There are 2 protein chains.
Amino acid sequence: VSGAPLGEFDLIARCFAPIAAPEALGLLDDAMSFAPLSGEDIVITKDLIVEGVHFFPDDPPASIAAKALNVNLSDLAAKGARPLGFLLGFGRPKGKSTAWLDAFASGLKQASEAGQCPLFGGDTVSAPALTLSVTAIGAVPAGGMLRRQGGNVGDAILVSGTIGDAALGLRLRLEPEADWARALPGAHRAHLLDRYLHPQPRLALAPSLRACASAAMDVSDGLVGDCDKLASRLGRVMDAGDVPLSEAANAAIRHNPALFDIALTGGDDYEVLAAVPPDRVQDFIARAGEAGIAVHRIGWLAREGAGAIWRMEDGSVRSFARRSFVHGEGGSP
Amino acid sequence: VSGAPLGEFDLIARCFAPIAAPEALGLLDDAMSFAPLSGEDIVITKDLIVEGVHFFPDDPPASIAAKALNVNLSDLAAKGARPLGFLLGFGRPKGKSTAWLDAFASGLKQASEAGQCPLFGGDTVSAPALTLSVTAIGAVPAGGMLRRQGGNVGDAILVSGTIGDAALGLRLRLEPEADWARALPGAHRAHLLDRYLHPQPRLALAPSLRACASAAMDVSDGLVGDCDKLASRLGRVMDAGDVPLSEAANAAIRHNPALFDIALTGGDDYEVLAAVPPDRVQDFIARAGEAGIAVHRIGWLAREGAGAIWRMEDGSVRSFARRSFVHGEGGSP
């Protein structure tokens, strides 16, 4: 295998055709078609990620590829959808070696298989910076897609997994020599870095959401700001002390309490935020647990006009000056 | 209206929400869902276009927006599909003014309305160069998507519209002071430049293709090379003199006969190439004519192994050294 760059045809045959769906016609046609199942709606989402904005140029190519797909699968999961397939727009800068492309393809294959989401098609073009545009296609029972704007007063607000790991992982990338970073045990550092680099879509949570939730979305721009977007016509009362944090995040925050705000407002969590009626909460927690995913209640929806109140563990109430993270502003790679 | 750049939320509300489909939930959710019609397949295609590769940075923003959508609708048309909607990945460089964005939005709206293809969703991110990733969704009767790899020996090969205008329009952009360019009447120059800047998807041809064609694709990378991709297992005999040329292209070629090769191998035609069984050719021409689209027979499919023969008007037979156009190589902006 030479290190010379692959042409478009060879790139498709070598890197993309192995993960193509049967309906994708070997990726040799202009389009693909598939027959939707009767009684199901089609769900579509699209996230674009760009080198230097959403990931570091020197991130491992397998990680970049997996992230491009998984951030889209995270949206499908939060909408209660089952993945059907995805399309990849691959904007390729000059100078990516065959080894780089092979590693990229292996990461894409791993994520595609893990998500049971084969490649439906795409387009490969030249671009000044690595640009990955994924459109993910899924399905839900007719009318069953969860929306941000469901939810009723009194519904509990729950979140999956742990919050803030990825934001702290990004801080570690940007400030590896900070006091708190140097004080953190290696296993904790590795956990935070991994959570930034390798978002895991909560696909196993989709059936529990469909069964129990009144509204849902994924947390990708920071928990505090994203909470405002769930059932946004209503108010909410949040308990900051109930936000689930990993051991690694807790250790970092013990070293530097200012990191707590970064954990709650930083991006890239790719967890699921859901509103669940009070009488379904126990069932939701149980179903999620059976699917292997911990979910925690962190607040509840209040009447319209009540605003967003965050109650701290010391009993005080506060608001966050910076409620969410914007890619390309300040902290982003 | 200020000239300051719009934030993501304002950009979506101002420029994209007005063309959103009802199912797109005001573009305020992470995904959209729609109910496919019973008895129809979903057809999906994706083309990415990048500033400096597929269009000039100083092209009018309305034209860039329309091209991004229309090159995708061209694929749907060639597959016999009816558009349902599209998603836009919008990679935005710094410094685009509100006036630029408004003009972009107006071009997108015009193309969206002309194609009866509303916005389903998308993503807006920062990018080093303007990057437009469109995924177009369409529908065909179950099993009815036309493929490149249909077709049988003896089928006629037909092409819509006229060939080479866009490639000559691109040459005009690159070499406005060439002898042939200066000799060309203004109306002819305008025609060629317009065909490069404003591809027109042949959506009205889709029903005729479904009724009559055995294989189809759009011509986007140059006629000679794209002909090789239609029913590629078979040979073909092509009549170069039958390739439909506009008055403007004919005038340019009279001034400079070398432009004939550019017309037949240059890209960006966005016409439809179809194989049609001999007994359906008259019907296809008649149906296409009723839809307002001229189609011309330019060759026929020959037995496997016969290669691709281009017969010239003088009776000679030739091959083309450069069979198609590659964006980003040489002649591209």
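The values are calculated or read from the model by the stated rules, or taken from the named source; none is laboratory data. On a predicted model such as this, the values are computed, not experimentally measured, just so you know. Neighbour counts run over all protein chains shown; Cβ positions are idealised from the backbone, glycine included.
When the range A:20-52 is filtered for residues that are more than 7 Å from chain B (Cβ to nearest Cβ) and either surrounded by 21 or more Cβ atoms within 10 Å (Cβ to Cβ) or not in a loop (DSSP other than H, G, I, E, B) (or both), the ones remaining, listed by number, are A:ALA20, A:PRO22, A:GLU23, A:ALA24, A:GLY26, A:LEU27, A:GLU40, A:ILE49, A:GLU51. Considering each residue of the range B:220-239 in turn, none proves to be in a helix (DSSP H, G or I), more than 25 Å from B:SER63 (Cα to Cα) and over 20 Å from the mean Cα position of the chain (by Cα).
Listed here are the residues, each with its yes/no results for (1) in contact with a Lys or Arg (Cβ under 7 Å, 6 or more places away or on another chain); (2) aliphatic (A, V, I, L, M).
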residue: A:ALA129; (1), (2): no, yes
residue: A:ALA156; (1), (2): yes, yes
residue: A:ILE163; (1), (2): no, yes
residue: A:HIS188; (1), (2): no, no
residue: A:LEU209; (1), (2): no, yes
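A count restricted to the range B:128-137 and to residues that are surrounded by 24 or more Cβ atoms within 10 Å (Cβ to Cβ) and at the interface with chain A (Cβ under 8 Å from one of its Cβ atoms) stands at 4. Within the range B:69-86, residues that are facing chain A (nearest Cβ under 10 Å) and without any contact (Cβ under 8 Å) to a residue 60 or more places away in the chain sit with their Cβ atoms under 6 Å from residues that are small (Gly, Ala, Ser) and surrounded by fewer than 24 Cβ atoms within 10 Å (Cβ to Cβ), at 6+ positions apart or across chains, in these pairs: B:LEU84/B:ALA139.
Here B:GLY225 fulfils each of the conditions (1) surrounded by fewer than 23 Cβ atoms within 10 Å (Cβ to Cβ); (2) modelled with pLDDT of 95 or more; (3) of a type in the set (Gly, Ala, Ser) apart from (2). Checked against (1) farther than 21 Å from A:ASP221 by Cα; (2) assigned to a loop (DSSP other than H, G, I, E, B); (3) within 14 Å of another protein chain (Cβ to nearest Cβ); (4) not charged (D, E, K, R), A:VAL125 passes all but a single condition, namely (2). Determine whether A:SER220 is within 14 Å of another protein chain (Cβ to nearest Cβ) and touching a Gly at 6+ places or on another chain (Cβ under 7 Å). Taking the combined requirement at face value, the residue satisfies it.
Among the conditions (1) within 22 Å of the chain's Cα centre (by Cα); (2) modelled with pLDDT under 95; (3) surrounded by 15 or more Cβ atoms within 10 Å (Cβ to Cβ); (4) away from every other protein chain (no Cβ under 13 Å), B:ASP58 misses just one, which is (3). Regarding the range A:306-316, can at least one residue be identified that is surrounded by fewer than 13 Cβ atoms within 10 Å (Cβ to Cβ), of a type in the set (D, E, K, R) and free of Cβ contacts under 8 Å to residues at least 60 places away in the same chain? So far as the range A:306-316 goes, yes, one or more of its residues are surrounded by fewer than 13 Cβ atoms within 10 Å (Cβ to Cβ), of a type in the set (D, E, K, R) and free of Cβ contacts under 8 Å to residues at least 60 places away in the same chain.
The numbered conditions (1) assigned to a loop (DSSP other than H, G, I, E, B); (2) without any contact (Cβ under 8 Å) to a residue 12 or more places away in the chain are all true for B:ALA286 except (1).
Scanning the range A:84-104 for residues that are within 20 Å of the chain's Cα centre (by Cα) and closer than 22 Å to A:ASP29 by Cα yields A:LEU84, A:GLY85, A:PHE86, A:LEU87, A:LEU88, A:GLY89, A:PHE90. Do we have any residue at all in the range B:212-225 that's touching a strand residue (DSSP E or B) at 6+ places or on another chain (Cβ under 9 Å) and more than 23 Å from A:LEU27 (Cβ to Cβ)? There is at least one residue in the range B:212-225 that is touching a strand residue (DSSP E or B) at 6+ places or on another chain (Cβ under 9 Å) and more than 23 Å from A:LEU27 (Cβ to Cβ). Would you be able to say whether some residue in the range B:176-195 is of a type in the set (D, E, K, R) and within 30 Å of A:GLU51 (Cα to Cα)? No, the conditions are met nowhere in the range B:176-195. Looking at B:ARG173, B:ARG148, B:ARG195, can you tell me which residue is within 14 Å of another protein chain (Cβ to nearest Cβ) and either buried (at least 18 other Cβ atoms within 10 Å of the Cβ) or closer than 28 Å to B:ARG254 by Cα (or both)? When all the criteria are applied, what remains is B:ARG148. Reported count of residues in the range B:160-188, each being in a loop (DSSP other than H, G, I, E, B), closer than 15 Å to B:ASP261 by Cα and in contact with a Phe, Trp or Tyr (Cβ under 9 Å, 6 or more places away or on another chain), is 1. Taking the numbered list (1) more than 19 Å from A:ARG147 (Cα to Cα); (2) of a type in the set (A, V, I, L, M); (3) in contact (Cβ under 8 Å) with a residue 60 or more places away in the chain in turn, A:ALA275 passes all entries but (1).
Applying the set (1) surrounded by 15 or more Cβ atoms within 10 Å (Cβ to Cβ); (2) modelled with pLDDT of 95 or more to A:ASP261 leaves exactly one unmet item: (2).
Does any residue of the range B:230-243 turn out to be surrounded by 20 or more Cβ atoms within 10 Å (Cβ to Cβ), within 26 Å of B:GLY138 (Cβ to Cβ), within 14 Å of another protein chain (Cβ to nearest Cβ) and small (Gly, Ala, Ser)? Yes: the range B:230-243 contains one or more residues that are surrounded by 20 or more Cβ atoms within 10 Å (Cβ to Cβ), within 26 Å of B:GLY138 (Cβ to Cβ), within 14 Å of another protein chain (Cβ to nearest Cβ) and small (Gly, Ala, Ser). Restricting the first member to the range A:3-16 and to residues that are more than 19 Å from A:LEU119 (Cβ to Cβ), and the second to residues that are assigned to a loop (DSSP other than H, G, I, E, B) and at pLDDT below 90, no beta-carbon pair is closer than 7 Å while six or more apart or on different chains.
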